[in-house]
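Visitor: Handing you a structure now.
Just so it is clear, none of the values below were taken in a lab; they were calculated from the coordinates. Everything numeric in this text was worked out from a predicted model, so none of it was measured. Cβ: placed from backbone, ideal geometry, glycine included. Neighbour counts: every protein chain shown.
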Amino acid sequence: GFGCYAPVVVSVMNSFFEGQKSKKAVDLTGCGIDELISLYIEKDNPVLIWATSNMKEPKKGDTWILKNTGGTFQWISGEHCLVLVGYDKNNYYFNDPYASNGIIPFEKGLVAERYGALGKQAVAVQDAA
């Protein structure tokens, strides 16, 4: 089936946080992984990113016309969200719900490719200011 992208996740999360007033979800789409590391991971704040299941090659999925713009949208098949929690010299580490992977490493270059293929979408939770 289809999933959803960062703006939808941020909207839903902020609806949840509305009553709490202490946290908010932020859309970090467009941020490079190095920026996510320095701004969030190094401060022990995990980041949800979009990539592909098991970092497999993305494939072109279904295409449709968008009602509001008339533009064409093409789904990326294999899209998957996972939570970036750490890194070392060669790998990024993720909490990955896919196939009960748990905490799993993926090679940095491969992660950068897959993250880029899904539009560099990322979401984090931070204190509401």
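Visitor: Where Lys and Arg each count +1 and Asp and Glu each count -1, what net charge lies around E79 among other residues with Cβ under 15 Å from its Cβ? Let's see the in-between values first.
Guide: Working: positive: K56, K59, K60, R114, K120; negative: E57, D62, D96, E113.
With Lys, Arg at +1 and Asp, Glu at -1, the net is +1.
Visitor: Note the listed values (i) 2, 10, 18, 22, 20, 13, 9, 4, 1, 0; (ii) 2, 10, 14, 17, 17, 14, 12, 8, 4, 2, 1, 0, 0; (iii) 2, 9, 15, 18, 22, 17, 10, 5, 1, 0, 0, then indicate which one is P(r) over Cα pairs in 5 Å bins from 0, in percent calculated from this particular structure.
Guide: The calculated read-out lines up with (i).
Visitor: Same structure, new question: Full extension from K67 to S11: what is 0.36 nm times the residue separation minus their Cα-Cα distance, to one decimal in nm?
Guide: Working: separation 56, 0.36 × 56 = 20.16 nm, distance 2.05 nm.
Separation in residues times 0.36 nm, less the Cα-Cα distance, equals 18.1 nm.
Visitor: Run the numbers for Y93 and A129: contour at 0.36 nm per residue of separation, minus the present Cα-Cα distance, in nm. Don't jump to the answer; show the numbers that get you there.
Guide: Values: separation 36, 0.36 × 36 = 12.96 nm, distance 2.88 nm.
Gain in length upon complete extension: 10.1 nm.
Visitor: Under a 5 Å amide H to amide H cut-off, with H placed in plane at 1.01 Å, what residues pair with A128 once short-range neighbours are removed?
Guide: Under 5 Å from the amide H of A128: K23, K24.
Visitor: Next up: Give the residue list of trypsin sites (Lys or Arg not before Pro) in region 1-30 that are DSSP loop and have at most 14 other beta-carbon atoms within 10 angstrom. Could you put the intermediate results ahead of the total?
Guide: Details: sites: K21, K23, K24; in loops: K21.
For trypsin sites (Lys or Arg not before Pro) across region 1-30 that sit outside H, G, I, E and B with at most 14 neighbouring Cβ atoms in 10 Å, the list reads K21.
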